[in-house]
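The values are calculated or read from the model by the stated rules, or taken from the named source; none is laboratory data. Everything numeric in this text was worked out from a predicted model, so none of it was measured. Here the Cβ positions follow ideal geometry from the backbone for every residue, glycine too, while neighbour counts run over all protein chains shown.
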Amino acid sequence: MKNDMPKTKSNKTAEGPEQSRRDQKHVEDLERSRRAEDPEQSRRAAGHENDRMELENRLKRALADYQNLERRVEEERRLLGQLSSALLIEKFLPVLDNLENAQKHLNDEGLEIVIRQFKDILSSEGVEEIESVGAAFDPHQHEAAEVQEGENDNTVVKVLRKGYKMNDKVLRPAQVVVEKKSAGDSQSDSLGQGVKEEEVNYSSSE
């Protein structure tokens with residue numbers, strides 16, 4: 001029994017350093033394996049980040065496209081509403097003409113109130129009368145029903161039928177009488193201008 005005990009103690013002592021070396025080698029192998037795997041993990045992580053950024057950019061572009069589409073749809077809806085209102089109001093303009101013509105003969109207070117309410121409704125929709133008398137003839141806003149000679153050239157002197165516009169767009173041009181200078185007046189003006197120019201030139205030469 002005494003002879004066996006030292007041998008057992010010696011075997012344990014011998015196994016300690018060997019086990020430590022094996023453990024150290026195992027740790028080193030794991031470290032080398034981890035370092036060998038790191039570049040691949042980095043590449044995978046970089047790939048995931050690129051995919052995430054690309055997906056994020058796609059979502060941003062899709063959101064921007066959707067917002068632009070919403071704005072276009074809203075603008076088209078607004079224009080369609082304006083067009084529908086314009087078409088409806090244009091049909092009521094002859095009714096207003098008849099009311100105003102009747103008022104010229106009847107001079108009725110109740111009818112005047114109706115006409116005023118009618119105009120207030122049109123005004124609330126952005127409709128306004130085209131100012132014509134005394135203005136220069138504008139083919140975009142005026143329709144020349146008659147031309148007469150006078151002192152003013154290309155000037156509206158009378159309105160035969162009122163014109164209206166809605167949000168700066170003409171609903172119905174005004175039918176007007178346009179004043180034009182006669183050919184004799186135009187020639188006299190040209191001669192007078194020529195005489196003035198000759199006098200100026202003569203004075204300059206002296």
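A single entry from GLN175, GLN117, GLN148 fulfils the requirement of being within 30 Å of GLY81 (Cα to Cα) and outside the structural domain of SER84 (by TED's automatic domain parsing): GLN175.
Assess whether ASN68 counts as being surrounded by 10 or more Cβ atoms within 10 Å (Cβ to Cβ) and over 23 Å from VAL159 (Cα atoms). Considered against the rule, which asks whether it is surrounded by 10 or more Cβ atoms within 10 Å (Cβ to Cβ) and over 23 Å from VAL159 (Cα atoms), ASN68 comes out as yes. The set of residues from segment 75-113 being farther than 22 Å from ARG172 by Cα and in contact with a helix residue (DSSP H, G or I) (Cβ under 7 Å, 6 or more places away or on another chain) comprises LEU111, GLU112.
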